Amino acid sequence: MSEPSAKERPTLRARLGRPESRSAVVFALLAALAAGLYAASIATWAAWWTMRPLTSAEAVEVLTELMPGTDITTHLGPEPDTEFVIYGEPLSWRNLDTLLLGDGGEYSLTGIGGTLGRDVGPAEQKQVLDGVVERLRAGGWSVGYPKVTYLDPCGTGCDPDTAARETVVYAGRGDQVVNVSGFAAGSSGSNNFGISLTRATPPAVYPAAAVAGLVGALSAWWLFAWASRRTASRPAGGVKTLFAFAMFLWWAPVVLAAPLGLRHHLSEWHYSWHPLWEWLGLPTTGLLFLLGTGFALLALAAAALPSRQRPYERPAEDPAGVPV
């Protein structure tokens, strides 16, 4: 039996039940890509829980290696009992409203470390930071370039070594990531210096994101095609409106967050990139994502309603490829 010719093969538009509509393919791709990205981000969040737990003993070991002979180890926080925290506490029903109502940016990876127990002025901070960076390199850490933010304009005659500033250095080794930070306000405010230890991206994150992203995209394409064929022969204004709201609520945070994430990574060295969900604006815009998901489910439910009209059927063709 011979293979069907190009004219005999159904086009993407025909498979979607709308052979005259070019926009149907665009909308199907938008839905599939959005679903794939969000499915991948949820899978990466789950895979992050495979990371090796942080312990106070490990933090003491790292801090002693980087700042021997100091009192920084006396300022360690309590042993973390979760991989992620919001305002320093594990996520629970009690603070879920904080996550969804504007403060989702405070949801972050657990870190443990400490600060020096004394005031460290701008001049001394440079000496301390140089010593820490030297020990990092000697210990086999990958060390990024220092990011210096001056708290006041540093013009002509300003000494950059003593000017009020904030300095941040990231370094990584294996699954360990350290954030070395110094805040030097000089005589006009507090001066502190600290180191925190977090984890690098676990290896399980990458295959989890790839598999979940592919499954999510294919599932969304299939559901869109099914709903499109179901509504091809009847007025679908309500379904289209629900779908449009879903796509807006899913894509608007991505359009805003992704460029900001890219600019942040280009301006500051990272041993381990920020998690995928932050590139999608999650969990800061988590409420919008949930609303968009609700509109998508309503669109599918509306498409599933029975119709008295027959669904679209691709017209038969004679051997010459002419519709009968």
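The values are calculated or read from the model by the stated rules, or taken from the named source; none is laboratory data. Small disclaimer: the values here were computed from a predicted structure and weren't measured. Cβ atoms come from the backbone with ideal geometry, glycine included; neighbour counts cover every protein chain shown. The protein model used for the area step is the full one, side chains on, heavy atoms only, and it has no ligands, DNA or RNA in it. Shrake-Rupley method; radii C 1.70, N 1.55, O 1.52, S 1.80 Å.
The H on the amide N of THR110, modeled in the peptide plane, is under 5 Å from the matching H of PHE84, VAL85, each at least 5 residues off or on a different chain. Counting protein heavy atoms only, segment 176-239 has 70 percent of its accessible area on carbon and sulfur, 1.4 angstrom probe.
Put a dot 7 Å past the Cα of ALA123, heading toward its Cβ, do the same for TRP273, and the two dots end up 4.4 nm apart. Applying D = kT/(6 pi eta Rh) to segment 167-285, where Rh is the Kirkwood radius over alpha-carbon pairs, T corresponds to 10 °C and eta to 1.306 mPa s, the Stokes-Einstein value obtained is 86 µm²/s. Protein heavy-atom accessible surface, 1.4 Å probe, per residue over segment 41-134: 52 Å².
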